[in-house]
Each structure stands twice: as C-alpha cells, then as structure tokens.
1. Out of all the residues in segment A:43-57, which are assigned to a helix (DSSP H, G or I) and without any contact (Cβ under 8 Å) to a residue 24 or more places away in the chain?
2. Filter segment B:162-181 down to residues that are in contact (Cβ under 8 Å) with a residue 40 or more places away in the chain and facing chain A (nearest Cβ under 7 Å) and give me whichever is surrounded by the fewest Cβ atoms within 10 Å (Cβ to Cβ).
3. Please count how many residues of segment A:114-138 are at the interface with chain B (Cβ under 7 Å from one of its Cβ atoms), in contact with a helix residue (DSSP H, G or I) (Cβ under 6 Å, 6 or more places away or on another chain) and over 21 Å from B:Gln87 (Cα atoms).
4. Being at pLDDT 90 or above and either closer than 26 Å to A:Gln125 by Cα or facing chain A (nearest Cβ under 8 Å) (or both) is the requirement here; does B:Trp211 meet it?
5. Test A:Val127 against the criterion of being buried (at least 21 other Cβ atoms within 10 Å of the Cβ), modelled with pLDDT under 85 and either closer than 30 Å to A:Ser230 by Cβ or acidic (Asp, Glu) (or both), and give yes or no.
6. Only one residue in A:Ser90, A:Ser84, A:Ser67 is in contact (Cβ under 8 Å) with a residue 24 or more places away in the chain, over 28 Å from A:Gly253 (Cβ atoms) and more than 9 Å from every other protein chain (Cβ to nearest Cβ). Which one?
7. Quick one: is A:Thr60 farther than 30 Å from B:Leu57 by Cβ, in a loop (DSSP other than H, G, I, E, B), more than 23 Å from the chain's Cα centre (by Cα) and at the interface with another protein chain (Cβ under 10 Å from one of its Cβ atoms)?
8. Working carefully through the options A:Asp231, A:Asp220, A:Asp287, A:Asp248, find the one that is crowded, with 21+ Cβ neighbours inside 10 Å, among the charged types (D, E, K, R) and either modelled with pLDDT under 85 or closer than 20 Å to A:Ser90 by Cα (or both).
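The values are calculated or read from the model by the stated rules, or taken from the named source; none is laboratory data. Worth saying up front: this structure is predicted, and the values here are computed from it rather than measured. Neighbour counts are summed over all protein chains in view; Cβ atoms, including those assigned to glycine, are modelled from backbone coordinates with ideal geometry.
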Amino acid sequence: MSAVNAMHGVRRILRQPWRLAADATALLAAAVVAFPLYWMVLSALKPAGEIESTRPRPWTSAPSLDSFRRVFEQHDFGRYFLNSCVVAGSVVVLSALIAFLAATAVTRFRFRFRTTLLVMFLIAQMVPVEALTIPLFFLMRDFGQLNTLGSLILPHLAFSLPFAIWMLRGFVKAVPDALEEAAYIDGASRARFLWRILFPLVLPGLVATSVFSFISAWNDFLFAKSFIISDTSQSTLPMALLVFFKPDENDWGGIMAASTVMTLPVLVFFVLVQRRLVSGLGGAVKD
Amino acid sequence: MTQPADALTPPPAVAPGAAPGRPDGARRPGRRAPAAGRGPSARRGPGTRPGAWTPWLYLAPALVVLAGLLVYPVYELGLISFLDYTQAQVSGGRPTSFRGLGNYADLFGDGQFWQVLVATVLFAAACVVCTLLVGCAFAVLLTRVRAVPRLALMLAALGAWATPAVTGSTVWMFLFDPDFGPVDKVLGLGDHSWTYGRYSAFTLVLLEVVWCSFPFVMVTVYAGIRAVPGEILEAAALDGASQWRTWRSVLAPVLRPILVVVTIQSVIWDFKVFTQIYVMTGGGGIAGQNLVLNVYAYQKAFASSQYGLGSAIGVVMLLILLAVTLIYLRLLRRQEGREETRQETRQGSRQEIRQETRQGIRQKSRQDIRRGEER
C-alpha cells in the first residue's frame with residue numbers, strides 16, 4: 001500500500017489532464033485486449049445467418065444457443081471435454097503432490113547435490129516439449145500407451161514438474177522453521193508434519209502453481225495430435241475444435257462455440273486464483 | 001561439511017532457508033538446541049546419520065518421472081538423430097542403420113532448413129520485442145491510473161492470458177477472416193486474405209502471440225514496480241528528481257532482474273511457438289512459407305515419416321534453447337552476486353520487512369521463554 005501512497009505523492013505533481021488521458025488509454029487498451037474474447041462469445045451466440053454475414057455487427061439482436069447445441073450434439077464433444085478434464089485433472093493433482101514433496105526436499109533440507117539439482121530443474125524447465133515429441137511417440141508406442149489418455153498425462157506431468165518445483169520453493173520457504181521445530185517438539189513425526197502442517201500451509205501456493213500445469217495440459221495440441229492417432233474416442237478438446245474446420249466452408253459458429261466452451265474453465269480457474277498467481281510469480285522471480 | 005563436536009552448536013547446514021541477512025539467522029543455535037534430539041539431527045546433511053536419505057525419498061517421485069519422461073527422451077532424440085529412421089524402419093521392414101551425421105548433413109545442405117531457421121529466429125525476436133514493449137508499457141500505465149481502469153485492464157489481460165493457444169488462434173483467425181471477420185471491414189481492406197502472403201501471415205500470428213503473452217510480462221513487471229518501497233520514490237520526489245531520473249536511477253535497477261527473467265522466458269516461449277503457426281497457417285502456410293523449426297520438425301517426422309531428420313531438427317532446437325538457458329543462468333548468477341552486496345531493503349517491500357521483524361520478535365520471545373524453562 002505504501003507504494004500506492006508514494007504514487008499519489010508523485011501523481012500530485014502531475015497535471016490532472018495527463019491523468020485523465022492515462023485513464024482513457026488504459027480503458028481503451030482493456031477494450032482492445034478484451035475484444036477477441038468478446039467477439040468469440042458474441043459469435044458463439046449469434047444465429048447462423050448473422051455469423052455468415054459480410055457486414056459483421058458488434059452486437060446481436062437475437063442471441064441463440066444453436067451453435068452450442070450443434071457442438072455438443074455432433075462430434076462426441078462431451079466425451080472430448082471429459083477427456084480433457086481427466087488429463088488436466090490428473091496432471092494437476094499428480095504434479096502438485098510430486099512437486100510439493102520435491103520442493104520440500106530442496107528447501108527444508110541441506111544435502112549434497114542440492115544446488116546441482118536446482119540448476120538441473122531450471123534447465124529442465126527450458127527443454128522444448130515439442131522437440132521431444134518424436135522420442136516420446138516411440139516411448140509411448142513401446143509401452144502400449146498410444147491412443148490412451150496416459151500418453152497425454154505422463155509427458156505433461158514431466159514437463160510441468162520443474163516449473164512447479166521452482167515456483168513452490170518460495171511458498172515452502174515462507175513457512176517459518178520455528179513451526180517445524182515446534183511440531184517436532186510436540187512429538188509429531190516427519191510424515192505428520194509434512195501432511196498435516198506443511199501441506200495445508202502451502203496449499204494456496206499449490207493452487208497457484210497448478211494453474212500452469214492445468215493450462216499446459218488443457219491447451220495441449222501437439223501431443224494430442226501426435227499420440228492419439230487412430231482412437232478418436234480418446235481425443236481431447238483442441239482436436240475436437242479442428243473438426244469444425246472444413247476445407248470448403250468453416251463452421252465459424254461451431255468453432256466459436258467450441259472455443260468458448262474450451263476457454264471458460266481456464267478463465268474461471270484463472271480469475272479464482274488470480275491474486276495468488278501474482279504473488280506467487282513475484283516470489284518465483286524474486287528468488 | 002564437518003560434523004561439529006558440540007551437539008549444541010549445529011553446523012550451518014542445519015539452517016535451511018536461513019537467508020543471509022534474515023533477522024533470526026544469528027539467534028538460531030540457541031533456538032535449535034532443545035530440539036536437537038529429534039528431527040533436526042536428521043537434517044545434518046550428508047552423513048551416516050539416519051534420515052540423511054529423507055530428502056532423496058521426497059525427491060524420488062519427481063526424479064523418476066523426470067528421468068523417464070525427460071532425460072531418457074532427450075537421449076533418445078539424440079540417438080534417433082544419428083539413425084536412418086523412416087517408416088520402413090519403424091514398421092520393421094528394413095533394419096535400423098547408423099547414419100552418423102548423415103541426417104545433419106542432409107539438413108544443413110537443405111536450403112529450406114536455413115530459411116526456416118532464419119524465419120524462426122526473426123519471428124521469435126519480433127514476438128519478444130513486441131511482447132516486452134506492450135507488457136512494460138501497460139505495466140507502467142497500470143501504476144498511473146485509477147482503480148477502475150486498472151481493474152479493467154488487469155481483467156482483460158488475465159482473460160487473454162488464460163485463453164488456450166488453440167482457441168486464441170481460432171478467434172484471431174475469425175477476426176481476420178476475409179469474408180466474415182470484422183477487422184478487414186473496419187480497416188476497409190475488402191476481402192484481403194491475411195494468411196495468403198508470407199509476411200501478413202506471420203504478422204497475424206505475431207499479433208496473436210503478443211496478445212496472449214504480454215499479460216505475463218505486464219503482471220510481473222507491475223508487481224515489480226509495486227514492490228519498490230514507497231519511501232524511496234517519495235525521497236526521490238522530494239529531492240526533486242524528474243520522472244525520467246526516478247525511472248533511471250530508482251526503478252530500473254530494481255526492475256532489471258525481473259526484466260531479465262521475463263525476457264528469457266519470452267525468448268524461450270516464442271522460440272517454440274507451435275500451435276498458433278500450425279492452426280492459423282494450416283500447418284506451415286502455403287508451400288511451407290510460414291514454417292518455424294517446431295512445425296518443420298513435426299512435418300518432417302509425422303507427415304513425411306522421416307523421424308531421423310525430424311530428430312536432428314529437434315536437436316538443433318534443443319541446443320539453441322540450451323544456449324539461451326546458459327546465458328540466463330549466467331545473468332542470474334551475476335545478479336545474485338550483485339544483490340548480496342546490495343541492501344535487502346531495496347528488494348523486499350516494507351510489508352515483508354515488517355513481517356520478518358515481527359517474526360523475529362516473536363521468535364525471540366519464544367526463545368527467551370525456552371531459555372527460562374531450561375534454567
């Protein structure tokens with residue numbers, strides 16, 4: 001808050017019109033940034049005739065759910081949606097648990113190779129997922145995981161872990177050592193301290209971290225395209241979206257409705273954890 | 001690390017998270033003493049004591065997953081890039097043979113590869129520059145406006161950030177659609193197709209990439225500016241520092257580490273753009289004019305079944321990003337060195353300091369009580 005007060009001090013020197021212009025610019029910027037999303041939802045709600053109009057209007061007089069109905073009826077969309085949920089959900093839960101344990105190890109213990117390990121996690125974070133599609137494809141084939149949701153869960157788990165560990169470090173570190181000692185003095189076992197005391201305290205950080213694993217898994221396009229080749233019942237949302245692209249005529253209403261359905265869960269998740277996200281990022285960066 | 005003879009003075013290794021300069025760091029031994037019998041003894045770092053393996057136990061799941069799904073694939077990628085590995089070998093029709101650097105020779109001898117490489121680097125550079133400019137400009141703007149516009153811009157940016165790459169791509173395609181999109185109509189371009197020309201297609205993708213990646217920059221930089229202690233800005237204003245001077249001498253040094261992180265992250269992200277290019281240009285544009293390395297590797301491997309060649313492209317990408325990462329680590333290390341000499345106060349916000357002091361006081365009183373009990 002002190003920063004705000006100081007800003008006020010700085011601002012007082014500035015002229016009022018300048019500030020008005022800044023406000024207006026910010027509002028305009030917000031409108032421009034939000035416009036694609038607005039247009040997406042609007043187009044999803046427009047009746048068929050209006051979307052395929054050569055004079056697009058930024059409003060609609062007769063909103064309809066036809067496009068959504070078409071999406072959910074036609075292409076097994078509900079199934080894809082569920083698959084996406086399973087993949088993203090598994091990645092989030094597993095990576096949160098594994099990253100929590102690892103972050104605890106690297107922050108609350110000192111051991112040989114600790115720094116080496118941390119640097120390795122940092123480097124692992126930079127490995128381009130996409131470059132590994134080919135070896136992962138053969139790995140999944142050898143383990144009979146092609147065309148299963150497991151082939152999507154496992155790689156994303158691996159790719160979201162390094163970042164999750166790095167980001168969680170700050171949250172685990174923030175729990176005072178005194179608390180740990182107090183727990184041991186009171187006779188708590190290490191496991192009890194870990195799950196009953198540390199875990200609930202770090203939970204907000206876990207939620208913030210999981211946004212990133214959720215997004216990477218939910219958005220995944222490349223793996224879904226490469227690993228789910230013959231069994232479309234195992235497909236996920238991004239693939240379902242492409243169904244509406246047809247060589248001759250794209251079904252824009254369907255595409256926009258499907259896009260809306262796909263964007264909504266992430267948006268809700270984001271808004272819910274927004275505060276923690278910013279503070280978490282700050283912590284990860286400051287470290 | 002040597003074990004101390006006196007059990008009451010634990011080695012420095014026992015104090016995890018005791019950052020230098022923390023107010024409670026110095027008082028640790030006294031506080032630690034009563035608990036020496038239990039947990040902390042296991043935290044003595046490497047040694048023969050029971051519990052030295054605990055951190056490795058905690059790390060085991062992460063290490064197993066990373067070894068199996070990250071390290072091993074990287075090794076495999078390198079291996080395949082040296083093999084003659086096409087559909088015939090995959091289906092077992094022909095034996096797999098070692099080609100040495102053959103795939104790389106093919107790749108480097110191919111004019112298209114160089115063209116794609118240059119396009120990738122330039123495209124990523126353009127994306128990074130635009131993302132940083134927009135992100136930083138908006139972050140500064142955020143500090144200058146009232147609550148309502150700030151909230152509006154924040155929410156809009158969060159929305160853009162949250163949008164999956166696939167849906168972002170489809171929406172931007174629709175916005176710029178020659179027949180039904182609003183952009184061509186507003187700009188009066190008739191039915192200009194953005195994906196037809198090479199540069200206009202890249203521009204379209206660039207706009208989408210900037211749109212969905214500037215929020216990260218904006219939010220992080222904004223948080224960084226807000227973390228600058230108010231007194232410093234106030235003092236600067238009182239001393240009669242101009243806006244520019246305040247920015248250059250006060251804000252820039254504090255923001256530099258944040259800008260480094262944000263820049264490197266952007267480089268890494270924008271270098272590996274796949275979904276946007278694939279979806280918006282239909283797999284690399286007309287005659288591959290919009291290919292970037294990632295999509296190129298995918299097309300080589302999965303569309304034309306030249307897995308060896310695709311892996312070689314993957315290795316090239318990996319090496320480039322590794323170089324970027326090393327630069328990043330270098331900068332980080334240099335920063336840490338610089339930070340140690342700098343006062344902690346500059347980094348943390350006042351609130352944090354207050355909290356730490358409060359913690360310190362609490363710990364001190366607890367420690368005093370404990371000492372009293374011992375006596």
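1. Taking segment A:43-57 first, the residues assigned to a helix (DSSP H, G or I) are A:43-45, A:48-51.
Matches in segment A:43-57: A:Leu45, A:Gly49, A:Glu50.
2. The residue in question is B:Ala165.
3. Here the count works out to 4.
4. Values: at pLDDT 90 or above: yes; either closer than 26 Å to A:Gln125 by Cα or facing chain A (nearest Cβ under 8 Å) (or both): yes.
Criteria met by B:Trp211.
5. Numbers: buried (at least 21 other Cβ atoms within 10 Å of the Cβ): yes; modelled with pLDDT under 85: yes; either closer than 30 Å to A:Ser230 by Cβ or acidic (Asp, Glu) (or both): yes.
So A:Val127 passes the test.
6. Values: A:Ser84 fails: over 28 Å from A:Gly253 (Cβ atoms); A:Ser67 fails: over 28 Å from A:Gly253 (Cβ atoms).
Residue meeting the stated conditions: A:Ser90.
7. Working: farther than 30 Å from B:Leu57 by Cβ: yes; in a loop (DSSP other than H, G, I, E, B): yes; more than 23 Å from the chain's Cα centre (by Cα): yes; at the interface with another protein chain (Cβ under 10 Å from one of its Cβ atoms): no.
In short, no.
8. On the way: A:Asp231 fails: crowded, with 21+ Cβ neighbours inside 10 Å; A:Asp287 fails: crowded, with 21+ Cβ neighbours inside 10 Å; A:Asp248 fails: crowded, with 21+ Cβ neighbours inside 10 Å.
That would be A:Asp220, the only listed residue that is crowded, with 21+ Cβ neighbours inside 10 Å, among the charged types (D, E, K, R) and either modelled with pLDDT under 85 or closer than 20 Å to A:Ser90 by Cα (or both).
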